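Derivation of every value follows stated rules applied to the coordinates shown; laboratory data play no part. Predicted model only: the values in this text are computed from it and were never measured. Glycine gets a Cβ as well: all are built from the backbone with ideal geometry, and neighbour counts include every protein chain shown.
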Amino acid sequence: MSFENIDWIWKNGEIIPWADATVHVSAHGLHYGSGVFEGVRCYETETGPAIFRLREHLERLDASAAVYNIKIPYSVEALEDSVCELITRNGFSSCYVRPIVYMGSASLGVHPGKCPVEVAMMAWPWAAYLGAEGLEKGVRITVSPWRKFHSSMMPTTAKACGQYLNSILAVQDAFSRGYDEALLLDMHGSLAEGSGENLFVIRDGKIVTNKADDSILMGITRDSAIEIAKELGFSVEAKSLELNDLLGADEAFFTGTAAEITPIREVDGKVIGEGKRGPVTKQIQDTFFDAVAGRDARFSKWLHPVMRTVAA
Ligand SMILES: Cc1ncc(COP(=O)(O)O)c(C=O)c1O
């Protein structure tokens, strides 16, 4: 991943040069993680770049902000247009988009008080998060010694900046022990999610993923994978999962905007299924990549063309 080719940043309603998009060291968000963000992908399609499920991501941004009493001074529609403008100005045909809303500089009491709400968006090209090889062959993961926090501590359904310290601990530990990604258990010891992904397991052709009560972010890719799997004729159930469900699975995969649909081939050295991308995972993954690239009309409702807004 590189920020080298980003010329423009959107900040507080304006497109400004990369070098000018700075944050003061006194910003509340920097000290306490008081902010919320999104991760969205824009894909190349035959008719130009299109953003995958943009509306849902911006609605989740709003919902995350509401949890922390942050009032975003832009409508979802206005932000949709701004994302398109930003991608066009930077000249990207595909990219990752990171909208962030954070408490700016005014005071440093823990209560954000009168700190202004700052809104910014970046876009940059970002290849497969867990590697191209991971997408094809599957990744090796470890069960983290760090538990996922429970929603009674901070709602896991909100995508808030400070909440990611928990994911950082888990992924640092996983990398230090040579794994590609961490899987966190919830406070009861059931499976929660990856440091930035939701989890699916497949056994005897049945697909299972866990749900909001299991300390997860309600992923938009998770929702897409469920819809795709059902469309392909598979049964999908949302229920709590235990470690044995994963270890005894025929196949397992992660979903996430960054990670897309990444097979899991090994958990702490225990091979899952045949230790490679399984056939059900491949079908869902292939359909997902067709959907995001505009090659499957059943899912064209998920695509927000960049040019539509800019031309209007
Ligand atoms: C902790 C966590 N869980 C799950 C996901 C997957 O969510 P989505 O598919 O909406 O990107 C993400 C990524 O945003 C995440 O950070």
Can you tell me the relative contact order of the chain? Whole percent, Cα pairs under 8 Å, sequence separation 6 or more. 20 percent
Where a ≥ b ≥ c are root eigenvalues of the Cα gyration tensor, a/c under 1.5 meaning rounded, otherwise prolate if a/b exceeds b/c and oblate otherwise, the chain counts as oblate
Could you calculate the contour length gain from LYS114 to GLN283, that is, 0.36 nm times the residue separation minus the distance between their Cα atoms, to one decimal place in nm? 55.8 nm
When a footprinting reagent is the concern and you count Cβ atoms within 10 Å, what order do ASP7, ASP245 take, fewest first? ASP7, ASP245
Calculate for the chain the 222 nm mean residue ellipticity that helices alone would give, adding -39,500 (n - 2.57) per DSSP H run of length 4 or more and normalising by residue count, nearest 500 deg cm²/dmol. -8500 deg cm²/dmol
How far apart, in nanometres, would the label points at ALA238 and ASP213 be if each is projected 7 angstrom from Cα along the Cα-to-Cβ direction? 1.2 nm
Grab the beta carbon distance between ALA297 and LYS276, set R0 = 41 Å, and tell me the FRET efficiency rounded to 0.05. 0.85
Report, please, the projected area of the range 8-124 averaged over directions, based on the convex hull of its C-alpha atoms, in nm². 6.9 nm²
In which sequence would MET1, MET307 go, from the one with the fewest C-beta neighbours within 10 Å to the one with the most? MET1, MET307
Report for the range 132-295 the percent antiparallel among DSSP-assigned beta bridges with both residues inside it, nearest 5. 65 percent
Over 29 Å between alpha carbons, listed pairs LYS114/LYS211; LYS11/LYS114; LYS114/LYS148: LYS114/LYS211; LYS114/LYS148
Run the numbers on the range 8-124 and let me know its relative contact order in percent, using alpha-carbon pairs under 8 Å that are six or more apart. 37 percent
Ranking ARG177, ARG60, ARG147 by Cβ neighbours within 10 Å, fewest first, what do you get? ARG177, ARG147, ARG60
